[in-house]
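Data block below; observations after.
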Protein chains: 2
Amino acid sequence: MKTVNMKRNHSIKRDRILELLQTTLEHPTADWIYERLKKEFPDLSLGTVYRNLRILLDEKKIITIRSAAGHDRFDADLSSHQHVVCEKCGKVVDILMNLDKSSLHRLEEKTGFSLASPRISISGLCRDCRLDKSES
Amino acid sequence: MKTVNMKRNHSIKRDRILELLQTTLEHPTADWIYERLKKEFPDLSLGTVYRNLRILLDEKKIITIRSAAGHDRFDADLSSHQHVVCEKCGKVVDILMNLDKSSLHRLEEKTGFSLASPRISISGLCRDCRLDKSES
DNA sequence: AATAAGAATAGTAATCATTATTAATTTTAT
DNA sequence: ATAAAATTAATAATGATTACTATTCTTATT
């Protein structure tokens, strides 16, 4: 039998990671979460953050946003929306495009990909990085 | 003075890397390019592939496609098009959506991002990975 | 409450893609 | 022909993420 439901004990730390993701408008990196929760749990380890993020991913409670900048980012907002991602610093901003369902379906047929809950990201340059051209 | 034009000597290997990218429909990884060109240049080193890819990126002759799967992929097709990316294996397929220019502009104003030549990628699951559910 | 089995953790080591370094070779301009 | 600059192979280093392990915490069952 195949269940995602691999019964797990409670974990206050995991709960707080999810809660933090759900209540922030940022799209935090693992590091950000770690720094943030270290105040609450001084013994927290970065490995624990990564491990729990992966568990939450398995449970489909969060998604990853992969940026051109080093760190992955995480999002607990599962509602249908899209992202604009800065290709220099990795900053992520939520957007809402109205997706034409039928053309999405045509895309699926053409490409053979399943785009059931497609993650769409548009990469550009955020204001800060644009002004900061000096050292590019 | 600020020029992208940092005069460079010729490099047969760099030329071949670009040519390979321009003539393939794949969106190769650095490894793929390395394996491919090693037949031509038995002394080729993977570092050389990466270094030249970055030079070509600086010169804006190619772009990177970052996939959820490990390796980055590269594309020398600079014409306006979009990508569907498999979130499991990283495979990339070109697509063409007609982008509403004015709504893109509205997005720029709302987000503060510059989307001059936006890279749009839609991630889903390719046919192979979909059928291959067994080991997920 | 006591306790044993399973889950979670901190701390650390390992991995893996990519980048930097370096000494040697190749290319270009003179 | 030759010196300066660019390129390279080989190797080491980096940095984000994952794996490992011995210990601690939870939970279910007496």
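The values are calculated or read from the model by the stated rules, or taken from the named source; none is laboratory data. If you're wondering where the values come from, they're calculated on a predicted model, not measured in any experiment. Because the Cβ atoms are built from the backbone with ideal geometry, glycine has one as well, and the counts that use them run over all protein chains shown. Keep in mind that these areas ignore ligands, DNA and RNA; they rest on the heavy atoms of the full protein, side chains included. Shrake-Rupley method; radii C 1.70, N 1.55, O 1.52, S 1.80 Å.
Quick notes on this one:
- When the charge dipole of the range B:25-136 is built from unit charges on Cβ atoms (+1 for Lys and Arg, -1 for Asp and Glu) and taken about the Cα centre, the candidate among B:M97, B:L53, B:L107 whose Cα reaches farthest toward its positive end is B:L107.
- Taking the range B:92-133 and a reference point 7 angstrom along Cα→Cβ of A:N98, the backbone N atoms nearer than 20 Å belong to B:97-111.
- Counting only DSSP beta bridges with both residues in the protein assembly as shown, the antiparallel share comes to about 75 percent.
- Highest GNM mean-square fluctuation among A:D43, A:D15, A:D100, for chain A modelled with Cα contacts below 10 Å: A:D100.
- Most fluctuating residue given options B:E35, B:E109, B:E87, as computed from a GNM of chain B linking Cα atoms under 10 Å: B:E109
- Under a model in which nothing but the beta-carbon of Lys, Arg (+1) and Asp, Glu (-1) is charged, the protein assembly as shown shows a dipole of about 240 debye around its Cα centre.
- Carbon-plus-sulfur accessible fraction, the protein assembly as shown (probe radius 1.4 Å, protein heavy atoms only): 51%.
- Estimated dipole of the range B:12-135 in Debye, rounded to 20 [Cβ of Lys and Arg +1, of Asp and Glu -1, Cα centre]: 120 debye
- Model label points for B:E35 and A:T23, set 7 angstrom from Cα along the Cα-to-Cβ axis, are 4.8 nm apart.
- Note on the protein assembly as shown: helix-only mean residue ellipticity at 222 nm, from DSSP H runs of 4+ residues weighted -39500 (n - 2.57) and normalised by residue number, equals -11000 deg cm²/dmol.
- The interface between chain B and chain A buries about 2600 Å² of solvent-accessible area in total (1.4 Å probe, ligands and nucleic acids excluded).
- Only Lys, Arg (+1) and Asp, Glu (-1) charged, at Cβ; the range A:70-136 dipole about Cα centre in debye: 180 debye
- Descending semi-axes in Å of the range A:12-135, equivalent ellipsoid built from Cα gyration tensor: 28, 21, 12
- Å² per residue, accessible surface of the protein assembly as shown at 1.4 Å: 63 Å²
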